[in-house]
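Data first, discussion second: the structure below is written as structure tokens.
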Number of protein chains: 2
Amino acid sequence: MDQPVITPIGILHGDIHSREDAPKFYSESDRRGILEIYPQYLEGLDGIMPGQTIVVLFWLHQAQRDVLKVYPRGDKSRGLRGVFATRSPMRPNPIAISELSVEAVDGNRVAVKGLDILDGSPIVDIKKKHS
Amino acid sequence: MDQPVITPIGILHGDIHSREDAPKFYSESDRRGILEIYPQYLEGLDGIMPGQTIVVLFWLHQAQRDVLKVYPRGDKSRGLRGVFATRSPMRPNPIAISELSVEAVDGNRVAVKGLDILDGSPIVDIKKKHS
């Protein structure tokens with residue numbers, strides 16, 4: 001079976017340093033940070049502007065990959081559920097999808113709001129939000 | 001720089017065999033297919049039920065990875081744009097995000113509707129849709 005290899009396009013600079021300090025979900029967060037895009041991918045940012053909402057895929061480099069059942073949002077009263085029926089960061093391929101507001105674009109640095117992702121996480125992709 | 005490796009959790013069986021035959025976007029599609037999840041990940045499906053909308057990440061194994069500017073939706077009248085400001089399948093890490101309706105779950109086979117993804121594409125992840 002092929003195992004695709006991800007080439008990170010950048011890295012997140014933020015102020016969240018542990019799971020405990022992270023908001024549970026981006027829609028509940030007003031935490032700010034900078035998407036630093038590596039120079040060789042700069043051209044791909046053309047068209048991203050302040051005020052837009054972008055969809056950003058992060059690699060959750062600290063997440064466990066060998067867990068298949070979790071308590072959704074840590075709530076044990078609802079019982080265990082398969083990770084694919086949740087938004088848990090723990091999953092075989094720990095990729096997070098965040099919708100973030102663009103506050104500023106300065107060369108290869110994109111200032112965003114709405115983060116629930118750990119500082120230092122590799123950026124996998126950025127997409128236009130589907131309208 | 002670390003290069004994370006993706007371990008596909010399954011493979012898509014569908015009836016779209018070329019880009020030309022693919023709907024432009026999942027929200028415009030009623031094409032059906034089967035997500036075949038590999039047996040070792042079966043437990044992760046627990047809680048996925050018919051009627052739900054799930055978010056599925058596919059690896060676009062036929063997409064070009066070395067393109068940074070495209071004509072959005074192939075429309076040359078609007079000029080070139082950076083891939084990160086579009087939903088083009090061409091991008092450094094060609095991962096698609098689809099929202100699909102679950103029609104049936106039979107063991108490790110999940111029948112879905114709304115596909116715009118090529119038959120044989122590796123499945124990277126499945127998530128609950130954020131409500």
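The values are calculated or read from the model by the stated rules, or taken from the named source; none is laboratory data. Note that the structure is a prediction, hence the values are computed from the model and not measured. Cβ placement follows ideal geometry from the backbone for every residue including glycine, while neighbour counts extend to all protein chains displayed.
A few notes on this one:
- The one condition from (1) at the interface with another protein chain (Cβ under 8 Å from one of its Cβ atoms); (2) in a loop (DSSP other than H, G, I, E, B) that A:Gly120 does not meet is (1).
- Residue check, A:Ile11 closer than 19 Å to A:Lys113 by Cβ, of a type in the set (A, V, I, L, M, F, W, C), within 16 Å of the chain's Cα centre (by Cα) and more than 11 Å from every other protein chain (Cβ to nearest Cβ): no
- Residue in region A:68-77 that is in a loop (DSSP other than H, G, I, E, B), surrounded by 18 or more Cβ atoms within 10 Å (Cβ to Cβ), facing another protein chain (nearest Cβ under 10 Å) and among the β-branched types (Val, Ile, Thr) present: no
- Scanning region A:30-46 for residues that are touching a residue at least 12 places away in the same chain (Cβ under 8 Å) and touching a strand residue (DSSP E or B) at 6+ places or on another chain (Cβ under 8 Å) gives A:Asp30, A:Arg31, A:Arg32, A:Gly33, A:Ile34, A:Leu35, A:Glu36, A:Ile37, A:Tyr38, A:Tyr41, A:Gly44, A:Leu45.
- Out of A:Arg19, A:Arg65, A:Arg91, A:Arg32, sole residue that is modelled with pLDDT under 95 and not aromatic (Phe, Trp, Tyr): A:Arg19
- Every residue from region A:69-104 that is touching a strand residue (DSSP E or B) at 6+ places or on another chain (Cβ under 9 Å), free of Cβ contacts under 8 Å to residues at least 24 places away in the same chain and not polar (S, T, N, Q): A:Lys69, A:Val70, A:Tyr71, A:Pro72, A:Leu80, A:Arg81, A:Gly82, A:Val83, A:Phe84, A:Ala85
- Taken over region A:105-131, the criterion of being farther than 18 Å from B:Phe58 by Cβ, in contact (Cβ under 8 Å) with a residue 12 or more places away in the chain and among the acidic types (Asp, Glu) is satisfied by A:Asp116, A:Asp119.
- Residue within region B:32-50 that is more than 8 Å from every other protein chain (Cβ to nearest Cβ) and of a type in the set (D, E, K, R) present: yes
- Residue within region B:91-114 that is at positive phi and assigned to a helix (DSSP H, G or I) present: no
- B:Gly14 meets each of the listed conditions (1) closer than 23 Å to A:Val83 by Cβ; (2) crowded, with 17+ Cβ neighbours inside 10 Å; (3) small (Gly, Ala, Ser) apart from (1).
- In region B:20-63, residue surrounded by the most Cβ atoms within 10 Å (Cβ to Cβ) [restricted to those that are part of a helix (DSSP H, G or I) and under 13 Å from the mean Cα position of the chain (by Cα)]: B:Tyr26
- A count restricted to region B:78-105 and to residues that are closer than 30 Å to B:Tyr38 by Cβ, more than 7 Å from chain A (Cβ to nearest Cβ) and not hydrophobic (A, V, I, L, M, F, W, C) stands at 7.
- Considering residues of region A:78-115 that are more than 20 Å from B:Ile126 (Cβ to Cβ) and in contact with a helix residue (DSSP H, G or I) (Cβ under 6 Å, 6 or more places away or on another chain) only, the residue surrounded by the most Cβ atoms within 10 Å (Cβ to Cβ): A:Gly114
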